[in-house]
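Participant: There's a structure below that I have some questions on.
The values are calculated or read from the model by the stated rules, or taken from the named source; none is laboratory data. Predicted model only: the values in this text are computed from it and were never measured. Methodologically, a virtual Cβ is constructed for each residue, glycine included, from the backbone with ideal geometry; neighbour enumeration extends over all protein chains shown. Surface areas here come from the heavy atoms of the whole protein model, side chains and all, with no ligands, DNA or RNA. Shrake-Rupley method; radii C 1.70, N 1.55, O 1.52, S 1.80 Å.
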Amino acid sequence: MNQSKKQHLLVIDDENQIRRFIRLALAPHGYDVLEARTGEEGIQLAIQQSPDGIILDLGLPDMDGIRVLHQLREWYQGPIIILSVRDDEESIVNALDSGAHDYIRKPFMLGELLARLRLAMRSHQVGLATPVYSSGGLVVDLATRKVTLEGKEIRLTVTEYELLKCLIKHRGKVLTHNQILTEVWGPKSVEHIQYLRVYIGHLRQKLETDANKPKLIITEPGVGYRMQNLEAPTAETPEPVSSEA
């Protein structure tokens, strides 16, 4: 990663091996890593150092990671990626609904962590500051609501466009079904997951090269969806990192 300015990350994890590995592995890619072993230490470092991003474990010795996440989200606006051994659907959905940007299961692969970090940092820095979103051959002008694919205008219904805009707004972030349904259809629609799946299918038919093998709108099984930037660089060769925590 060629960066003119280093990105400052805070890793909150009670495993010395994991913290050390992340620090050493990310340094060549332009990241300066701060370390915290407990939730309280992590919160204090976040207040003092204002990191560009946070990697947070859920199994901390002094408090549950979800509690740390809630406290951080009272003021911290940067991306928070959960890195945890917990892989049940309830834990993942709870973390994302509580404000996590993404969720990576332990054991993890270095290539995946780097790719997710790039997406998180990019989406946080860019946000909707630019009115034009471009990914591969897809161009969406958020000011005029014009959508083109490979230069050809694509007609979307009002609901399809609002769903696409929601995904673009949070691109790179895993969105739960509830988050999307609430933002696009309102809080009374959170139970209509099948309704959401139908519209995701419509968007894929119109925007994906192969709707059966989507590369733009990615399904996170049992959790929700993530908008993948097709121009993002390919992740490095994965290196598995194990954990017993």
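Participant: Can you give the % of DSSP beta bridges in the chain that are antiparallel, to the nearest 5?
Facilitator: Values: 20 of 37 bridges.
Close to 55 percent.
Participant: Output the Kirkwood hydrodynamic radius of the range 142-229, Cα pairs only, in Å rounded to one decimal. Before the final figure, lay out each step's value.
Facilitator: Details: mean 1/r = 0.0755 Å⁻¹.
Over the range 142-229, the inverse of the mean reciprocal pair distance is 13.2 Å.
Participant: Oh, and also: What Kirkwood radius, in Å to one decimal, follows from the Cα pairs of the range 12-147? Don't jump to the answer; show the numbers that get you there.
Facilitator: Working: mean 1/r = 0.0625 Å⁻¹.
With all distinct Cα pairs of the range 12-147 included, I get 16.0 Å.
Participant: Which of the lysines could a cross-linker span from residue 106 if the Cα-Cα distance has to be under 21 Å and same-chain partners fewer than 8 positions apart are dropped?
Facilitator: Residue 106 reaches 173.
Participant: For the range 164-204, I need the span (max minus min coordinate) of the C-alpha atoms along each principal axis, in Å, sorted largest to smallest.
Facilitator: 25, 20, 14
Participant: Counting only protein heavy atoms and using a 1.4 Å probe, what share of the accessible area of the chain belongs to carbon plus sulfur, as a whole percent?
Facilitator: Details: 5890 of 12180 Å².
Roughly 48 percent, rounded to a whole number.
Participant: Once the whole set of protein chains is in place, how much accessible area is left on residue 133, using a 1.4 Å probe, in Å² to the nearest 10?
Facilitator: Result for residue 133: roughly 10 Å² accessible.
Participant: When the Kirkwood hydrodynamic radius is evaluated over all pairs of different C-alpha atoms of the range 63-121, what value in angstrom, to one decimal, is obtained?
Facilitator: Details: mean 1/r = 0.0842 Å⁻¹.
One over the average 1/r among Cα pairs gives 11.9 Å for the range 63-121.
Participant: If the viscosity is 1.306 mPa s and the temperature 10 °C, what Stokes-Einstein diffusion coefficient in µm²/s follows for the range 96-181 when Rh is the Kirkwood radius over Cα pairs? Intermediate results must be reported in sequence, preceding the final value.
Facilitator: Working: Rh = 14.4 Å.
Value of D from the Cα-based Kirkwood radius: 110 µm²/s.
Participant: I need the calculated FRET efficiency for the pair residue 41 and residue 169, taking r as the beta carbon distance and R₀ as 35 Å, to the nearest 0.05.
Facilitator: On the way: r = 33 Å, r/R0 = 0.94.
Efficiency at R0 = 35 Å is approximately 0.60.
Participant: Would you tell me the accessible area of residue 64, worked out with a 1.4 angstrom probe on the heavy atoms of the protein chains, in Å² to the nearest 10?
Facilitator: The accessible area comes out at roughly 60 Å².
Participant: In terms of the Cα gyration tensor, with a ≥ b ≥ c the square roots of its eigenvalues, is the range 1-58 rounded because a/c is under 1.5, prolate because a/b exceeds b/c, or oblate?
Facilitator: Taking the square roots of the gyration eigenvalues as a ≥ b ≥ c, the range 1-58 is oblate.
Participant: Across all directions of projection, what mean area in square nanometres is found for the Cα convex hull of the chain?
Facilitator: Numbers: hull surface 54.1 nm².
The Cα convex hull of the chain, projected and averaged over all directions, gives 13.5 nm².
Participant: 222 nm [θ] for the chain, helices only, -39500 (n - 2.57) per DSSP H run of 4+, per residue, to 500?
Facilitator: Mean residue ellipticity, 222 nm, calculated: -11500 deg cm²/dmol.
Participant: Probe of 1.4 angstrom, ligands and nucleic acids ignored: what's the accessible area per residue over the range 1-156, in square angstrom? If you can, show how the numbers build up before the last one.
Facilitator: Working: 7350 Å² over 156 residues.
In whole numbers, the range 1-156 has 47 Å² accessible per residue.
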